[in-house]
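The values are calculated or read from the model by the stated rules, or taken from the named source; none is laboratory data. Predicted, not measured: the structure shown is a model, and the values here were computed from it. Every residue, glycine as well, gets a Cβ built from its backbone with ideal geometry; the counts of neighbours run over all protein chains shown.
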């Protein structure tokens, strides 16, 4: 398959338009953590309310994944993401004027729905428009841009909050989303190229995706290893640092900032190295097989070190776990191009289910170990040890599962 897009300038403009939208989506995802003290004071929220408010984003996100995959294959990334981002604008504006908790929650769910195509739409387009090596590079650099969004949701928001308040911040976010829509409408190709029409089965569902051996091979590690990686980054790093390692809240926030910076660099390095890897015909599955043991060993070291496991230990684990980011483009490349949107969305659903289950399950286990008489250190070690066991079993299944029915190497087609 040859690339439809030619020329570095065209490729760069398409990538940057999508990247700007994805940057805003990750900023919106993380901003409620930064605003939680302000929202608690303004609305009298309890911890359960904050948890529900943060989870509303992921609920809206997850609800759209399966239908969105079919829509992406049928209508193309440009039309789908523009429709979804319109909902995100409405969600940001609703959040900015909400005066009751239920309106905040509804706005959060709406925003999650609206930004849910910000990664899957470009990855679907890259599957059609770019060669395999370039797909891997763009995927890694999209995640790097996402890390920039996570960083922007921390200190920059803290700086702006005293100057303008939290409601105008969401006006700015809505304007940013509108700007990203204009960029996408101007730069991204339509889905009416003859190659698309000849290669899209509009009536197919997800059966071919779920039956694919390579997809099934990656499901358990997507759920536990990838979903757990996101769960640790977005929730359990800070409680470990404060309750186990003895960090002050501000010290934990600073640590999370530097972890995000380190991951940004790692994603950039992945993007720079992927073409070199692809030219040598090294399969993504092989890289994942090599990288996951290092990630699991780093996590095991955190459990062994206990209170001594701080910023450095968590940075090593989270940066080594980024090898799982290769799974998404690998899934898209392993299946026919006509199934790219559905394959990516189905795998994304697996990952987000893993995020939810690991976040909630670890919390339940921490409470369970606490009621059994363990202190905070023992409770965290026990709960995260159970999670690590799931990761190890998933990795063994990954090694044992039969190879998929198409070539696994990521050579340019």
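A few notes on this one:
- None of 313, 308 is in contact with a helix residue (DSSP H, G or I) (Cβ under 9 Å, 6 or more places away or on another chain), over 30 Å from residue 125 (Cβ atoms) and at pLDDT 90 or above except 313.
- When we screen 363, 306 for residues that are on the phi > 0 side of the Ramachandran plot, assigned to a helix (DSSP H, G or I) and in the same structural domain as residue 247 (by TED's automatic domain parsing), the only hit is 306.
- Of the candidates 320, 379, the single residue that is more than 29 Å from residue 265 (Cβ to Cβ) and outside the structural domain of residue 126 (by TED's automatic domain parsing) is 379.
- Qualifying residue in region 226-245 (condition: more than 21 Å from residue 30 (Cα to Cα), outside any helix (DSSP H, G or I) and modelled with pLDDT of 85 or more): yes
- Residue 74 meets the stated requirement of being modelled with pLDDT under 90 and out of contact with any helix residue (DSSP H, G or I) (no Cβ under 7 Å at 6 or more places or on another chain).
- Screening residue 278 against (1) closer than 25 Å to residue 351 by Cα; (2) modelled with pLDDT of 85 or more; (3) crowded, with 21+ Cβ neighbours inside 10 Å leaves a single unmet condition, (2).
- Odd one out for residue 175 among (1) in contact with a helix residue (DSSP H, G or I) (Cβ under 6 Å, 6 or more places away or on another chain); (2) more than 30 Å from residue 399 (Cα to Cα); (3) modelled with pLDDT of 90 or more: (1)
- Residues located in region 133-145, provided they are surrounded by 24 or more Cβ atoms within 10 Å (Cβ to Cβ) and over 15 Å from residue 269 (Cβ atoms): 135
- Total residues in region 150-184, condition closer than 30 Å to residue 73 by Cβ and either more than 24 Å from the chain's Cα centre (by Cα) or free of Cβ contacts under 8 Å to residues at least 60 places away in the same chain (or both): 1
- Remark: residue 326 falls outside the filter, which requires a residue to be buried (at least 19 other Cβ atoms within 10 Å of the Cβ), modelled with pLDDT under 95 and over 19 Å from the mean Cα position of the chain (by Cα).
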